[in-house]
Amino acid sequence: MNTIKLDDYQIHLGAFGEDLRDYLTKGNYNQVFIIVDEHTRADCLPFLEKQMGSVPYNIIEIQSGEINKTITTCSQIWQKMIEWGGGRRDLTINLGGGVIGDMGGFCACTFKRGMDFIQMPTTLLSQVDASVGGKLGIDFAEIKNSIGLFKNPLAVMVWPEFLKTLSLRELRSGFAEVIKHSLIADATQWSELRQIENMEVAHAVKFLEKSILIKKSIVEADPFESGLRKVLNFGHTIGHALESNALNTDQPLLHGEAIAAGMICESYLSLEKGLLPQDLDQITQFLLKQYGKCEFGTDSYPKLMALMQQDKKNDTTEINFTMLKSPGEALFNQVASEADIIASLEYYRQQ
Ligand SMILES: NC(=O)c1ccc[n+]([C@@H]2O[C@H](COP(=O)([O-])OP(=O)(O)OC[C@H]3O[C@@H](n4cnc5c(N)ncnc54)[C@H](O)[C@@H]3O)[C@@H](O)[C@H]2O)c1
Ligand SMILES: [Zn+2]
């Protein structure tokens with residue numbers, strides 16, 4: 001068991017039963033809510049139930065998927081909390097991936113002006129990314145994460161064994177954030193993980209702690225995303241556009257799959273700027289080997305450009321990127337022209 005300390009909460013990595021029971025006892029809560037979806041109820045809840053000791057709890061089950069990260073699902077959660085006479089002296093445990101973490105945290109923070117909540121991330125993406133940094137929220141008016149707030153949890157509990165029931169596709173998708181963390185902040189980790197041939201749970205577990213530490217150090221230095229935290233957007237400007245573009249098609253992309261393609265394109269942009277003189281080919285080949293290629297044609301360029309313009313991370317009409325100076329070193333607030341961006345998409349398509 002390892003404990004990672006942040007300013008006002010801790011991340012418990014490994015067997016968390018004793019710490020959990022400690023929080024439950026010290027908090028002297030009126031009642032505990034556990035939010036799950038149908039998958040985490042079947043695959044993760046039995047383990048958590050064993051850790052709860054004699055503490056009673058109420059289960060709130062919602063339907064899985066990003067499509068349900070909405071105000072409608074929040075209403076269902078709040079409704080259950082009302083039915084059970086919930087209040088500020090209760091605790092919510094969010095047992096699930098980033099959808100449950102973001103939305104369950106949002107519901108806990110807003111119900112009767114807020115109760116304590118514990119994040120118990122069960123996907124690789126949520127363990128290394130979503131559960132660190134205090135961002136909570138839901139999608140609204142077809143805009144991802146458009147309603148929400150920054151609020152840290154009481155604690156985060158990361159149990160690596162949860163990853164064993166995750167599909168390989170989900171695992172690989174989450175691993176894109178691990179790769180991103182190494183490319184922006186840790187050259188040694190980048191050279192280690194490039195040795196991976198076929199992705200397995202053991203690989204994810206090996207890099208879990210280091211990856212969480214990278215995210216922690218970045219969000220601690222810039223909790224409200226006024227500067228440095230933007231380095232975490234590497235691969236995400238073009239990646240988000242590709243993800244949105246593939247939505248509602250017969251080949252939708254998982255977040256990490258889109259980000260992998262985005263990291264290739266944005267590494268190309270870095271080279272165009274003269275920042276990444278040597279490593280583009282290595283980055284491209286590794287990401288293509290792990291993720292394959294996502295298909296899009298020249299006809300989607302106008303839509304992709306429009307999506308990038310809309311991306312919330314762009315303060316002006318110019319498009320902002322985080323670029324790589326070298327593996328392990330990133331620069332934020334780099335701008336690229338439309339022509340450069342199109343060239344990067346062409347580079348990707350020609351692989
Ligand atoms: N708050 C942040 O800083 C932050 C950062 C990155 C992403 N996010 C958000 O995270 C969300 C994506 O999270 P995600 O990738 O974890 O997706 P997700 O929460 O939709 O989970 C993916 C799927 O895996 C299932 N699942 C979860 N854990 C499982 C397990 N252990 N075994 C079997 N199945 C399991 C879920 O039921 C779901 O069907 C997005 O909404 C995104 O906006 C937030
Ligand atoms: Zn991401």
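Values in this text are rule-based calculations from the coordinates and carry no lab data. It should be emphasised that the depicted structure is a prediction, and the values quoted were computed from it without experimental measurement. Here the Cβ is made from the backbone with ideal geometry for all residues, glycine too, and neighbour counts use every protein chain on show.
Observations on the model:
- Loop chymotrypsin sites (Phe, Trp or Tyr not before Pro), segment 159-237 (other Cβ atoms within 10 Å of the site Cβ: 14 or fewer; DSSP): PHE224
- For segment 277-307, chymotrypsin sites (Phe, Trp or Tyr not before Pro) are listed when DSSP marks them as loop and at most 11 other Cβ atoms sit within 10 Å of their Cβ; the list is empty.
- Subtracting the Cα-Cα distance of ASN58 and ASP22 from 0.36 nm times their residue separation leaves 11.1 nm of extension gain.
- Rounded to 5, the percent of DSSP beta bridges in segment 2-165 classed as antiparallel: 30 percent
- Those aspartates and glutamates that a straight Cα-Cα span of less than 15 Å connects to LYS273, excepting residues fewer than 8 apart in one chain: GLU329, GLU338, ASP340
- Whole-Hz couplings from phi, Karplus 6.51/-1.76/1.60, listed for segment 341-351; x for Gly and Pro: 5, 4, 4, 5, 5, 4, 4, 4, 5, 7, 6
- With Rh defined as the Kirkwood radius, the inverse of the mean 1/r over Cα pairs, the Rg/Rh of segment 172-349 is 0.94.
- Cα→Cβ-extended label distance, 7 Å offset, between GLU200 and LYS5, nm: 3.6 nm
- DSSP beta bridges in the chain [antiparallel fraction, %, rounded to 5]: 40 percent
- Computed from point charges on the beta carbon alone (+1 for Lys and Arg, -1 for Asp and Glu), the dipole magnitude for the chain about its Cα centre is near 760 Debye.
- Within segment 129-152, backbone nitrogen closer than 17 Å to the virtual label 7 Å beyond the Cα of LEU247 toward Cβ: 137-148
- Loop GluC sites (Glu not before Pro), segment 54-163 (other Cβ atoms within 10 Å of the site Cβ: 13 or fewer; DSSP): GLU142
- For ASN58, residues with placed amide H under 5 Å, excluding near neighbours: VAL32, PHE33, ILE34
- Annotation: amide H-H contacts under 5 Å for GLU200 (H modelled 1.01 Å from N, sequence separation of 5 or more, or interchain): none.
- Across segment 233-351, C-alpha contacts under 8 Å between residues 6 or more apart give a mean separation that, scaled by the residue count, equals a relative contact order of 31 percent.
- Residues of segment 109-146 with amide N under 18 Å of a point placed 7 Å along Cα→Cβ from ARG169: 123-126
- Value of [θ]222 nm, deg cm²/dmol, for the chain, DSSP H segments ≥ 4, -39500 (n - 2.57) each, nearest 500: -14000 deg cm²/dmol
- Stretching the chain fully between PHE140 and ASP299 yields a gain of 54.4 nm (0.36 nm per residue, less the alpha carbon separation).
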